[in-house]
Amino acid sequence: MAGNNGDQKTSVPSRVRQTGETERFARETGIRVEHSPLPETSLAQLALVQKLLRAHSASPDLIGIDVIWPEIIDEYLLDLKPYFSSEISSLDPDLIASFTVKGKVVSIPYHMQIGVLAYRTDLLRKYGYTRPPSTWDELERMAVRIQAGERAEGKKDFWGYVWQGAAAEGLTCNALEWQVSQGGGRIIEKNKTISVNNSAAIQSWQRAGRWIGWISPPGVLSYTEADATNVWASERAAFWRTWEWKYRLAHWREATLPDLTGYTSVPGGAAARVDVLGGTGLSVSRFSGHPQQAMALLRFFINDELASERNLAPAPGHTQPELYDLPWFVGANASSQKLGSPPRIINRPSDVTGQAYDKVSQAYIQAVHSVLTHERSATDAAALLEKELVVITGYKTGPPQPLTSGGN
Ligand code: GLC
C-alpha cells in the first residue's frame, strides 16, 4: 500500500482522527496517512486493536490508545522514551505515569480528558440559577424544575440530565464518579483489594436508578457517548455528562452547541467531588512497517497540541465558554469562578488490574446496568460482582480506601 513516495505512508485507527491536522501533515511531509475505522466504544475498539496487533502483518502504525489500555497491550508497543525525551519532559509526569508500563513509556498523552458536567447556560439563567449544581442533590432539583418548565412550554421530549448508560465503558466512567463521590471506593483499590460491595456504592447506584424516567430518558440505558451528544446537540437536555480537555478549550467553537454550553465538574456526593480521567495516548506498534513515519506523525500531533495549550491564555471577551469549578487539568486559568475545594481527578482501576481490566470493567458494567434496568437489586448486584471480581483478579476483598491527597 505504498504511496507516491515509495513507503511514505502510515496508518492510524480513527481514535485520533484529526482531519485538518492530518492533511497539513501530509502536505508538509509527503507522508500519506490512512485512517482505519474503529468501533464506537472503548472496549470494542480495544478488542479490534488487540486482534490487529496479534496478527502482526495487519498492525496499524500509529495507534491512539485509551488511557485504560496500556497494561493490556503494552507488549505490542514500542518504548517511546528514547525518541520523545523533550516532549515527555514538557508533559505532566502523572500523565506520563498513566502510560508507563514496567518502565516503558508506551504512549505519549494526547487529548487527555476529564469527565465534566455540561450545562445549558441560557436555561440556568432563564430559571434564575446563578451557578451550575455542585452536588447530585442540586443537580436533581435543578433538572426537575427546568425539565418541568420546558415541557410546560411544549418541549415534550425535554429531559433534565443525559449521560452514557449503555452497557459500555462510558457507564464505568459515570458510575465510578457516582460511587467515589459517595465514599464508595474505586471498585478495586490501589492496595489490590476488591471494595465494590459496600453500602455507599450501592446507594449511589440506587440513586442513578431513580433518575431513569424521572430526570433522564429511559433510552439513556442504551446511550453511548454519541447518543448523549446527539440529544445535547438537539437542545433536548439541561445537563449532560461529557468530557473536557485543553485542546478542546483551545478550539471550543468546534464543540457541540458552543454558544449555549457551560462546563463544570461532575457533581459531588457525601464524600467528594470527582472527575474521571479519560483520553488518548499515541503509541507506535512494534510491528509497524513504517515506524519513522508513525513517529513523525506522532511528533506532529503532540507539538500541535502543546502549541494549542500554550495559546489557551484566557483573553477577555468571548474566547472561551463559561467554565465553573474545574480542576487545573483543563487549564488552571480556565476556572472563571471558583467555589469550595477543587474536585479530584480519579483513575479507573486499570492501573491495579493489569491485563484483566477489560474483564473487570465488563463485569462492573453488567452489574450497574442490571441495577439501572431493575433486573437486580443493587445489593444483589454488588454481592455478585464482588464474587466475579475475586474470580477474575484473584484479589481479596476489603473496605474502600479514602482518597489520597493526590486524588486517586
Ligand atoms: C472517552 C475517554 C475514554 C473513555 C471513553 C468512555 O473516549 O477518552 O478514556 O474510556 O470516553 O466512553
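Each reported figure results from applying straightforward, stated rules to the coordinates on display, with no laboratory input. A quick note: this is a predicted structure, and the numbers were derived from the prediction, not measured. Neighbour counts are summed over all protein chains in view; Cβ atoms, including those assigned to glycine, are modelled from backbone coordinates with ideal geometry.
Here are the numbers for this structure:
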| quantity | calculated |
| --- | --- |
| Loop trypsin sites (Lys or Arg not before Pro), region 29-134 (other Cβ atoms within 10 Å of the site Cβ: 16 or fewer; DSSP) | K102 |
| Radius 10 Å from Cβ of T353, net charge of other residues (Lys, Arg +1; Asp, Glu -1) | 0 |
| Helical segments meeting 27 Å axial Cα length and Kyte-Doolittle -1.0 threshold in the chain (DSSP H) | 291-310 |
| DSSP-defined antiparallel bridges as percent of all bridges, the chain, nearest 5 | 60 |
| Charge context of A208, other residues only, Cβ under 12 angstrom, K/R +1, D/E -1 | +1 |
| Within a Gaussian network of the chain (alpha carbon springs, distance under 10 Å), most fluctuating of V276, V352, V266 | V352 |
| The chain - Rg (one decimal) and Dmax (whole number), Cα, Å | 21.3, 64 |
| Helical contribution to [θ] at 222 nm, DSSP H n ≥ 4, -39,500 (n - 2.57), averaged over the chain, rounded to 500 | -11500 deg cm²/dmol |
| Filtered trypsin sites (Lys or Arg not before Pro), region 153-222: DSSP coil and at most 16 other beta carbons within 10 Å | K155, K156, K190, K192 |
| Footprinting exposure proxy for E254, E244 (fewest neighbouring C-beta atoms within 10 Å first) | E254, E244 |
| Relative packing of peptides 193-200, 147-154 - highest average C-beta neighbours within 10 Å first | 193-200, 147-154 |
